[in-house]
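Novice: One structure coming up, written as structure tokens, with questions to follow.
The values are calculated or read from the model by the stated rules, or taken from the named source; none is laboratory data. It should be emphasised that the depicted structure is a prediction, and the values quoted were computed from it without experimental measurement. Heads up, the Cβs are rebuilt from the backbone with ideal geometry, glycines too, and the neighbour counts pull from every protein chain shown. Remember, those area values only see protein heavy atoms, side chains included, never the ligands or the DNA or RNA. Shrake-Rupley method; radii C 1.70, N 1.55, O 1.52, S 1.80 Å.
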Amino acid sequence: MDSTRVTEQPTSFERPQPGVDPADPRGAFLRSPAPAAGTGAALPAQGRSGGEPPAPGAATPGGPAPDAADGPASEHSQPGAGPDAEPDAHRPRPAPDGIPVQPADGQGRVDRAPGGAERRTGQVTRPGRPTPMRRDGDRLRFVGAATRRIARGIDLDEIVMGLCRATVPTFSDAILVYLRDPLPVGDERPTGPLVLRLRRTDRIPPERDTEGGGFMPIAPPEQPSELDSVGEELCTVQPGSALAEVLRGVRPVFTDAPAARAALPELLGEEGAAAVPDGQRAVLAPLRGRRRVIGAAVFLRRPERIPFEADDLLVAAQLATHSALGIDKAVLYGREAYIADELQRTMLPETLPRCTGVRLASRYLPAAETARVGGDWYDAIPLPGSRVALVVGDVMGHSMTSAAIMGQLRTTAQTLAGLDLPPQEVLHHLDEQAQRLGVDRMATCLYAVYDPVAHRITVANAGHPPPVLLHLGGRAEVLRVPAGAPIGVGGVDFEAVELEAPAGATLLLYTDGLVESRLRDVWTGIEQLREKLAATAQLTGPDHPPPLEALCDEVLDMLGPGDRDDDIALLAARFDGIAPSDVAYWFLEPEDAAPGRARRLARRQLSRWGMDELSDSVELLVSEVVTNAVRYASRPVTLRLLRTDVLRCEVGDDVPQLPRLRQARATDEGGRGLYLVNRLARRWGATRLSTGKVVWFELNHG
């Protein structure tokens, strides 16, 4: 073999290495194979081609082994150092042509002899010293694995954590990630000064890295490292400062460069900058998104670790670019998720109303975390006469479009409920509204009206799963209601049924996402729901119904891992009812004597209930409301008193016009009745009925 020829070792992508899976994404730092016998030279210096004779004093094939004083040679060891080796074996020396000559491996160095020939020196690798990335293939594999790990993140924290875990300890011993505070969204133009906040810092020893594979086998120091003190929480970038210039340059730089060295105290603080190791052991990489710089990352290596090289700046640039673009997308995704959450929050009731004779609880679960909005909805709408409308519906799909259609249908249902239409009429008008919204706007809906005085419930169904009624004794039954056609089909009639709603019973309305999935059909799920309700009721005994909130949680616990295929809306209503002894009801002829008779009836009933302290207020308010009713009514006026947690008075007539509160002038003879009601009553209101209206007010009692 010609002694002037340098034998080049195969790169890692040319020949598979024993014990290392080339497809392993953690293989960024693969151990280089030991030189084979008879190949007494290493790779040529980076940036140069061809070969040179080995330097004087370098080991040759069959030559002496490295000096034993240097310790046993590892698989990455080069032959022993020559007599002219310098103490700093890691610092490259510039070549005459201006191209920096990098070390041939992690420990050796390439110098030039006075005659221009290359002189190769080496240093034996001590056990446990990390293996550098020497080949372009290794760097490419590391960048590919790291960017895949970063790209797995969806939200901001996942992307930042992916950057940290991909680089520590494989690429650096520590990393600090600063992000703009607040982060701009999309094309937003940030206002105010550029403020960077320390988002995350990682200093993970190799044994804690679950995916790094220990490719940088360097043990953590026994004493706390000076890198632990690096970093400030907030940094305000002053215009024209050294840090501003470095960030504007976008490209990663070594911190031993003059510009970066001047920028470090501004970013890390004086103490943090002083703790950064000397030499090329720190890289400052700006994070630039689609429009602007959104942060910075600092990669650090401890003094006992080999320094960064020029090619490591390209690695840092790739990591910074992918991280910045991922952060930009995560911020946009976060804004979309926020909009979706706000949309869903406004589409569904924030709180359920407090209705007389019934207690309510609800739950809503989206189909997935990435699809927070859907077409399922529930609602509880107070109606005249202390009644309440219970609604649950499901629009096809779980997208923003489905949520928008759901919002329109829910608003329509509230408007129709305010008109006090029968349940079947409400579904008929919802069907017409769905057809006006467009083709294939399909939905199912169940509309029920509960009357706590009559202890009855009227239900109409439009293709929705039937409700389940849990009786006080623990028996659960699926109510037999006509299925009907879904809303949006058009040209169909809906039928309503009236059923008993005994006190203490619980009605459960739900969407098909609770009972139907890929693993079970809807009727199997309904039967499982019925059994779940019965089993839960057995825990509290036959005389006490289960707590409403706990019952909703128990129902959702029946969902298995594969049962979340659709949104879930759940509405539970506990029927307390109003006892007949707490209700007083009269008819009054529309004549001038009606207000006086109403006062006497109210005073007598309050005396029976032991509420004499309210007699004066109730007589005054009843007289004013009845006077307004009989002035325009042509049929008998109704007067009803309800004793619950409050005293409620309702006056009904056949005139559809609703009264309005106005400020009477000093010369007016009337117009002060509703003003008195507004001042003395706890609450008051007026509701239009299909046959007229009801004016009501409430008073607190002891």
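Novice: Quick one: how many residues across segment 464-508 are among the polar types (S, T, N, Q) and either within 22 Å of ALA434 (Cβ to Cβ) or surrounded by fewer than 18 Cβ atoms within 10 Å (Cβ to Cβ) (or both)?
Specialist: Our first condition is that a residue be among the polar types (S, T, N, Q); within segment 464-508, this holds for 506.
Still in the running and either within 22 Å of ALA434 (Cβ to Cβ) or surrounded by fewer than 18 Cβ atoms within 10 Å (Cβ to Cβ) (or both): none.
The total comes to 0.
Novice: From the list ARG290, ARG302, ARG335, which residue is in contact (Cβ under 8 Å) with a residue 60 or more places away in the chain and part of a loop (DSSP other than H, G, I, E, B)? Reasoning before the result, please.
Specialist: Details: ARG290 fails: in contact (Cβ under 8 Å) with a residue 60 or more places away in the chain; ARG335 fails: part of a loop (DSSP other than H, G, I, E, B).
Of ARG290, ARG302, ARG335, the one residue that is in contact (Cβ under 8 Å) with a residue 60 or more places away in the chain and part of a loop (DSSP other than H, G, I, E, B) is ARG302.
Novice: Run down ALA367, ALA320 and say which single residue is of a type in the set (Gly, Ala, Ser), in contact with a Pro (Cβ under 9 Å, 6 or more places away or on another chain) and either in contact (Cβ under 8 Å) with a residue 12 or more places away in the chain or under 30 Å from GLY144 (Cα atoms) (or both).
Specialist: Values: ALA367 fails: in contact with a Pro (Cβ under 9 Å, 6 or more places away or on another chain).
Going through ALA367, ALA320 in turn, just one is of a type in the set (Gly, Ala, Ser), in contact with a Pro (Cβ under 9 Å, 6 or more places away or on another chain) and either in contact (Cβ under 8 Å) with a residue 12 or more places away in the chain or under 30 Å from GLY144 (Cα atoms) (or both): ALA320.
Novice: I've got another one for you. Considering segment 275-291 alone, what residues qualify as being in contact with a Leu (Cβ under 9 Å, 6 or more places away or on another chain) and not β-branched (Val, Ile, Thr)?
Specialist: As a first pass, look at segment 275-291 and keep what is in contact with a Leu (Cβ under 9 Å, 6 or more places away or on another chain): 275-277, 281-290.
ALA275, PRO277, ARG281, ALA282, LEU284, ALA285, PRO286, LEU287, ARG288, GLY289, ARG290, listed by residue number.
Novice: Right, here's the next one. Across segment 509-537, which residue is farthest from the chain's Cα centre (by Cα) among those that are among the hydrophobic types (A, V, I, L, M, F, W, C) and buried (at least 18 other Cβ atoms within 10 Å of the Cβ)?
Specialist: Within segment 509-537, the match that is farthest from the chain's Cα centre (by Cα) is ALA537.
Okay, residues lined up against (1) of a type in the set (Ser, Thr, Tyr); (2) modelled with pLDDT of 95 or more; (3) closer than 30 Å to ALA389 by Cα; (4) open to solvent by less than 80 Å² (accessible area, probe 1.4 Å):
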{"position": "MET558", "(1), (2), (3), (4)": "no, no, yes, yes"}
{"position": "ARG564", "(1), (2), (3), (4)": "no, no, yes, no"}
{"position": "ALA579", "(1), (2), (3), (4)": "no, no, yes, yes"}
{"position": "ASP582", "(1), (2), (3), (4)": "no, no, yes, yes"}
{"position": "GLY610", "(1), (2), (3), (4)": "no, no, no, yes"}
